[in-house]
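Below is one structure, written out as structure tokens; comments come after it.
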Amino acid sequence: MVTSFFHKHRQQTVAGFFFFLLLAATAGCGSEEASEPETSSETNIRERIENELTFDDVTLKQLNSAGERLWTVEAIEAAYNQSRSVASVKNPQGDLYQEGQVAYEVEGDTGTIYEDGKKIVLQGNVIAKQKKDGAVLYGDEMEWYPQQDLLLVRGNLRGVQEQTEVLAKEGKVYNQQSRVELSGDVVMTDKDARVRLKTQQVVWELDAERASSETQVNIERYAQDNPEQIRDRATANRGEVQLDQEIATLQQNAEVVLGDPPITVNSDRLEWNIQQATVNAPTAVTMFHRQQEFTLQGDQGLLDLQQRTLFAKGNVVATSALDESRLESNRLLWNLEAETFTATGEVFYRQSDPAMTSTGPQAKGRLQEQQIVLEGGRVVTEIVP
């Protein structure tokens with residue numbers, strides 16, 4: 001059996017309530033000769049008065065059959081409709097409980113409590129503080145469904161947890177699972193990594209500090225001193241960001257576009273480690289240096305900005321658009337600073353001017369300047385007339 005009651009702070013409120021009952025009793029004690037039949041309007045007014053109780057400065061509470069508190073709401077004014085089991089409150093502030101512990105601290109401009117707490121709605125300047133993981137949600141409206149472990153916040157939603165901030169149209173919070181489902185023009189910003197995630201739907205796992213989306217994702221890495229200055233970008237059909245480790249995993253039509261060096265990486269799966277400045281491709285990859293017009297392809301690849309290298313292995317193809325040269329091998333390491341490479345395994349090299357091909361176990365040199373040395377065993381060079 002669930003119980004709920006009003007706790008009245010002011011004695012004058014209690015006195016006013018009993019004064020109303022006294023007037024109602026007096027009016028009903030007149031003689032039959034003096035009484036007149038009620039009109040329909042009078043009947044509606046009387047029924048409304050009997051059903052609606054109004055209190056000032058009250059605390060509404062509800063307990064379950066085991067005596068555990070389900071929720072507590074304080075308000076400067078509350079009106080309770082007995083027939084509908086609905087309470088309307090002004091300036092509500094309260095606690096929402098789960099298993100005897102405070103799950104949320106909430107407040108708003110107005111509120112409505114339905115069916116003794118099966119649903120609680122707050123409207124206007126809503127704040128909901130999730131105690132378990134320290135997340136705070138702000139919005140225009142909040143709905144609490146305790147039986148579903150669901151807190152719904154909508155309208156100008158803003159959420160904050162440590163260095164992560166989110167904006168969205170709507171958010172569904174599942175406290176026991178430490179999960180928030182965000183939808184509608186979602187923008188998630190990690191202030192430590194200076195990374196901004198934009199998409200339409202996000203599942204934010206608070207305890208795991210992970211955000212994932214099954215919809216088109218756009219990631220921006222901005223300058224430390226200017227959030228509007230975008231240094232790097234990434235896109236994919238879906239993606240995941242491990243916020244604490246600053247790692248973005250992009251899948252399906254994944255692309256990372258770096259500003260310095262000016263390199264674009266494309267693959268069906270990319271792992272962008274922002275903290276360590278690497279882009280790893282465990283599947284077929286294309287890496288393109290936009291300034292040098294150099295392209296490196298392979299079954300797998302790695303861009304390491306700290307080492308200033310590009311690496312590819314498996315069916316490697318390196319081409320230079322400047323001189324139309326092409327090199328194939330099993331593995332290739334490209335040094336971005338020196339603009340040199342080292343290739344191993346079944347090396348094949350071709351250039352157009354002068355036209356020639358070469359094969360050998362290993363190769364090194366500068367592809368754009370056609371300075372190639374093949375070595376490590378049998379080398380065959382053919383001049384094309």
Kirkwood Rh in Å, taken over segment 80-213 so that all alpha-carbon pairs contribute: 15.1
Carbon and sulfur %, accessible surface of segment 84-238 computed with the full protein complex present, 1.4 Å: 37
Simple spin-label estimate for GLU228/GLN147, 7 Å along Cα→Cβ, in nm, reads 5.1
Please give the helix 11-27 orientation as an angle from the longest Cα principal axis of the chain, in degrees from 0 to 90, rounded to the nearest 10. 50
So how far, in whole Å, is the C-alpha centre of segment 245-277 from the one of segment 332-385? 29
With a cut-off of 8 Å between alpha carbons and a minimum separation of six or more residues, what is the relative contact order of the chain in percent? 5
Under a 10 Å cutoff between Cα atoms, tell me which one of GLU375, GLU141, GLU77 has the largest fluctuation in the Gaussian network model of the chain. GLU375
Fraction of the pair-distance distribution of segment 158-241 above 21 Å, Cα-Cα pairs, percent: 24
Ratio of alpha-carbon Rg to the 2.2 N^0.38 Å globular estimate for segment 158-297, to two decimals, please. 1.05
Per residue, accessible area of segment 62-104 with a 1.4 Å probe, heavy atoms of protein chains only, in Å², comes to 50
Given a 1.4 angstrom probe, what's the average accessible area per residue across segment 113-177, in square angstrom? 47
In the structure shown, do any of LYS119/LYS169; LYS131/LYS172; LYS169/LYS191 have a Cα-Cα gap over 18 Å, and if so which? LYS119/LYS169; LYS169/LYS191
Given an 8 Å cut-off on Cα distances and at least 6 residues of separation, report the relative contact order of segment 148-240 as a percent. 18
Label corresponding to log10 I(q)/I(0) by the Debye sum over Cα atoms at q = 0.11, 0.13, 0.15 Å⁻¹ when calculated from the structure given, among (i) -0.85, -1.02, -1.18; (ii) -1.01, -1.18, -1.30; (iii) -0.89, -1.11, -1.33: (i)
Within segment 212-320, which trypsin sites (Lys or Arg not before Pro) sit in a loop by DSSP and count at most 16 neighbouring Cβ atoms inside 10 Å? ARG290, ARG308
With a probe of 1.4 Å, find how much accessible area segment 180-283 has per residue, and write the answer as a whole number in Å². 44
With each run of n ≥ 4 DSSP H residues scored as -39500 (n - 2.57), what mean residue ellipticity at 222 nm is computed for the chain after dividing by its residue count and rounding to the nearest 500 deg cm²/dmol? -2500 deg cm²/dmol
Helix 40-51 versus the longest principal axis of the chain: what angle, 0 to 90°, nearest 10, using Cα atoms? 70
Report the charge-dipole magnitude of the chain in Debye, nearest 20, computed about the Cα centre from +1 at each Lys and Arg Cβ and -1 at each Asp and Glu Cβ. 980
How much of the accessible area of segment 288-328, probe 1.4 Å, is carbon plus sulfur, in whole percent? 40
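The values are calculated or read from the model by the stated rules, or taken from the named source; none is laboratory data. This is a predicted model, so every value here is computed, not measured. Please note: Cβ atoms are built from the backbone with ideal geometry, for glycine as well, and neighbour counts cover all protein chains shown. Please note that ligands, DNA and RNA were not included when accessible areas were found on the heavy atoms of the full protein model with its side chains. Shrake-Rupley method; radii C 1.70, N 1.55, O 1.52, S 1.80 Å.
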